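The values are calculated or read from the model by the stated rules, or taken from the named source; none is laboratory data. Please read all numbers here as calculations on a predicted model, not as lab measurements. Neighbour counts are summed over all protein chains in view; Cβ atoms, including those assigned to glycine, are modelled from backbone coordinates with ideal geometry. Surface areas here come from the heavy atoms of the whole protein model, side chains and all, with no ligands, DNA or RNA. Shrake-Rupley method; radii C 1.70, N 1.55, O 1.52, S 1.80 Å.
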Amino acid sequence: MRTVTEAAYAKVNLTLAVTGRRADGYHTIESLFQSVSLCDKLTLERRESGFALNDVERIPAGENIIARADRLLRRECPALGGVAVTLEKNIPTQAGLGGGSTDAAAYLRGMDRLYGLGLGRERLRALAAELGADVPFCINGGTAVATGIGEMLTPVESHLPLWLVITKPKAGCSTPAMYRRIDERGESLRQRFTTQEAAKALEKGDLAGLCGSLYNVFEEVTALPELNEIRRELRQSGALAALMTGSGSAVFGIFPEEDMARAAAEKMAESRWAICCRGMN
């Protein structure tokens with residue numbers, strides 16, 4: 001095998017609460033992750049040695065998460081051969097959609113296939129946890145309750161055909177800055193813990209129950225006034241519920257039918273980035 005291609009699916013947080021902060025500075029969370037059909041694409045091609053990436057985002061090599069994943073994998077497999085990586089980027093950055101995390105996960109999966117490493121999903125998830133909180137989920141994707149820093153995953157069997165419109169204001173949100181705001185609020189921050197409720201709604205195929213249990217604590221500390229306008233537009237277009245994902249700034253709306261979602265995305269795309277996608281189970 002000389003070349004492999006991996007789809008790197010985005011995720012949304014159907015729920016997200018911050019449950020604490022560890023001694024090492026990482027925050028612990030309770031969240032319901034859902035993969036969606038919006039995706040980047042990675043093509044990996046064997047070469048004699050070294051690592052090359054068409055860095056479409058112009059991120060310094062020391063910070064690029066795909067390059068970090070490569071260094072991590074070579075620590076695990078010192079005799080690993082070379083690779084040229086072509087990244088087709090479709091997931092916007094600073095959006096809370098896990099774009100970097102899912103690219104790193106796709107790279108680990110792809111290299112496991114390309115070189116027949118036989119690491120398996122469990123070992124890949126363990127490696128992924130060293131790269132970031134969302135990366136272990138992105139190894140498998142689907143639907144899962146996440147706790148710890150995001151690495152403790154419990155799969156959820158969803159019986160809902162989710163249709164979403166995801167849109168994003170021009171401004172992004174810095175994840176470290178958003179967590180600092182959470183810390184500053186401290187005990188004054190009143191949260192809802194609806195993850196189990198939302199997971200049960202997915203398992204039962206209860207769309208109304210799911211929409212009623214959506215929650216994201218970061219909506220309480222964001223400083224982007226445009227988010228209220230976006231949520232209102234989604235509602236007016238037929239969304240049953242609308243919520244910011246992750247630490248922002250992307251917002252998703254859940255629609256009862258595919259046709260409604262596609263029409264809403266087409267209309268919203270006239271003024272800002274917007275896309276219709278489905279939940280990936």
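Couple of notes before you dig in:
- Matching the structure-derived P(r) over Cα pairs in 10 Å bins from 0, in percent against the labelled list [x] 7, 29, 35, 22, 7, 0; [y] 6, 26, 32, 25, 11, 1, 0; [z] 6, 25, 29, 22, 12, 5, 1, 0 gives the label [x].
- For region 230-250, the residues whose amide N sits under 18 Å from a probe point set 7 Å from the Cα of residue 257 along the beta carbon direction are 235-241.
- Relative contact order (%) - region 96-190, alpha-carbon pairs under 8 angstrom, separation at least six: 19 percent
- Karplus-derived HN-Hα couplings along region 16-33 (A = 6.51, B = -1.76, C = 1.60, θ = phi - 60°), whole Hz, x at Gly and Pro: 7, 10, 9, 9, x, 9, 7, 4, 7, x, 6, 8, 9, 9, 10, 8, 10, 8
- For residue 249, residues with placed amide H under 5 Å, excluding near neighbours: 95, 96, 173
- Working note: Debye formula, equal point scatterers on the alpha-carbon atoms of region 44-83, no solvent; log10 I(q)/I(0) at q = 0.30 Å⁻¹ is -1.11.
- Per residue, the Cα convex hull of region 1-118 amounts to 130 Å³.
- Each eigenvalue of the Cα gyration tensor of region 45-182, multiplied by 5 and square-rooted, gives one semi-axis; in descending order these are 26, 20, 15 Å.
- Theoretical FRET efficiency, 1/(1+(r/R0)^6), r = Cβ-Cβ of residue 49 and residue 174, R0 35 Å, to 0.05: 0.45
- Rg ratio (alpha-carbon, reference 2.2 N^0.38 Å) - region 155-281: 1.08
- Against the chain, whose longest principal axis comes from its Cα atoms, helix 258-268 is set at around 90 degrees.
- A Förster distance of 30 Å, applied to the separation of the beta-carbon atoms of residue 228 and residue 7, puts the FRET efficiency at 0.35.
- Between helix 65-76 and the chain: long-axis angle, C-alpha atoms, 0 to 90°, nearest 10: 50 degrees
- In degrees, nearest ten, helix 99-114 long axis to first principal axis of the chain (Cα): 40 degrees
- The simple Förster model, with R0 at 41 Å and r as the Cβ-Cβ distance, assigns residue 71 and residue 154 a FRET efficiency of 0.85.
- Residue 21 long-range amide H proximity, modeled H, under 5 Å: 28
- Peptides 135-142, 230-237 ordered by average Cβ neighbours within 10 Å, highest first: 135-142, 230-237
- Site pair residue 272 and residue 121 shows an inter-label distance of 3.5 nm when each label is modelled 7 Å from Cα along Cα→Cβ.
- Rounded to 5, percent antiparallel among DSSP beta bridges of the chain: 90 percent
- For the set 9, 26, 107, the ranking by accessible area, highest first and with no ligand, DNA or RNA atoms included, is 26, 9, 107 under a 1.4 Å probe.
- Entry comment: accessible area of region 168-281 is 51 Å² per residue, from protein heavy atoms only and a probe of 1.4 Å.
- Value of relative contact order over region 170-281, rounded to a whole percent, pairs C-alpha under 8 Å and six or more apart: 22 percent
- Table column - 3J(HN,Hα) (Hz), region 189-195, Karplus curve with 6.51, -1.76, 1.60, x for Gly and Pro: 7, 9, 10, 9, 10, 10, 4
- Probe 1.4 Å - accessible area at residue 4, Å² to nearest ten: 0 Å²
- In sequence order, region 212-220 has phi-based couplings of x, 10, 5, 6, 9, 4, 5, 4, 7 Hz under the Karplus curve 6.51 cos²θ - 1.76 cosθ + 1.60, θ = phi - 60°, and Gly or Pro positions carry x.
- The trypsin sites (Lys or Arg not before Pro) of region 131-193 meeting both criteria, a DSSP state outside H, G, I, E and B (loop) and at most 12 other C-beta atoms within 10 angstrom of the site's C-beta, are 170, 190.
- The chain, accessible surface, carbon-and-sulfur percent (1.4 angstrom probe): 47 percent
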